[in-house]
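First comes the structure, then the notes that go with it.
Just so it is clear, none of the values below were taken in a lab; they were calculated from the coordinates. For clarity, every value in this text was computed on a predicted model and none was experimentally measured. Note that each Cβ is placed from the backbone with ideal geometry, even for glycine, and that neighbours are counted across all protein chains shown.
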Amino acid sequence: MTLKISIISTSPRENSNSLKVAKRIKKVLENQGFANIALADFENYDIPLVGQGEINKEQLTNFQEKLINTWASGELLFFIVPEYNWFTSPQLINAVHQIGGEPFSHLFDNKVFAFCGVSSGRGGRMPSIEMTMLFNKIISFTNTYSVISPKVYESHETGKNVDENGNSLGNTFYDNSLVQFIDYSLRIAERWVGN
């Protein structure tokens, strides 16, 4: 299948629950026959805080280059976002603010964004809702054309459901609901992108 898919895990923690879910989504997509899948994570995050520096498009660090290239290559992008005290990863918010202007506006054009919130307990909805609002604002502000899939996924008790390599630990409800989220996102992308 020709749809280009990018998966971005936005937790800076090593071997995070977010990365486990990102790897799980990649495995599900590969099992469905998708081959053009890029994955990036935030483990080596080095984007300066807003007001304390900025990303130089001509002098990207290794982390920044991989993130931007992974983001740019995707037609459908899955953002896997950890929940901290009901809020989004501060690293992702900062990254979006840093690249949410003219030099990187192509990252918000002709894309479908799908959000998955990750929790070690019962949570995950708030990061997806917060990112939906922020991304909609950036898309509007940059006058680009993209859509955000309305179906979000809440990865509850992630460590009990997915191992460090992205393998299922056998929770049928978790597995089925994740596949439904992926399939829904694919349908939106196929209509938007036309593959």
Legend entry - Where V50 falls short, out of the listed (1) within 29 Å of G194 (Cβ to Cβ); (2) touching a His at 6+ places or on another chain (Cβ under 8 Å): (1)
Legend entry - Residue that is nearest to the chain's Cα centre (by Cα) [pool: residues in region 31-47 that are of a type in the set (G, A, S) and either buried (at least 18 other Cβ atoms within 10 Å of the Cβ) or within 16 Å of I80 (Cα to Cα) (or both)]: A40
Inset, instruction - Count, please, the residues in region 164-183 that happen to be among the aliphatic types (A, V, I, L, M) and free of Cβ contacts under 8 Å to residues at least 60 places away in the same chain. - result: 1
Inset, instruction - Being farther than 18 Å from F87 by Cα and in contact (Cβ under 8 Å) with a residue 12 or more places away in the chain is the filter; apply it to region 151-163 and report the residue that is nearest to the chain's Cα centre (by Cα). - result: K151
Legend entry - Residues that are in contact with a strand residue (DSSP E or B) (Cβ under 8 Å, 6 or more places away or on another chain) and either assigned to a loop (DSSP other than H, G, I, E, B) or polar (S, T, N, Q) (or both), drawn from region 150-195: K151, V152, S155, T158, N161, S168, L169, S177, S185
Legend entry - Lone qualifier among V118, V96 - being of a type in the set (A, V, I, L, M) and more than 17 Å from F141 (Cβ to Cβ): V118
Inset, instruction - Among the residues of region 104-131, write down those that are farther than 21 Å from E43 by Cβ, in contact with an Asp or Glu (Cβ under 9 Å, 6 or more places away or on another chain) and not small (G, A, S). - result: N110, K111, V112, R122, R125, M126
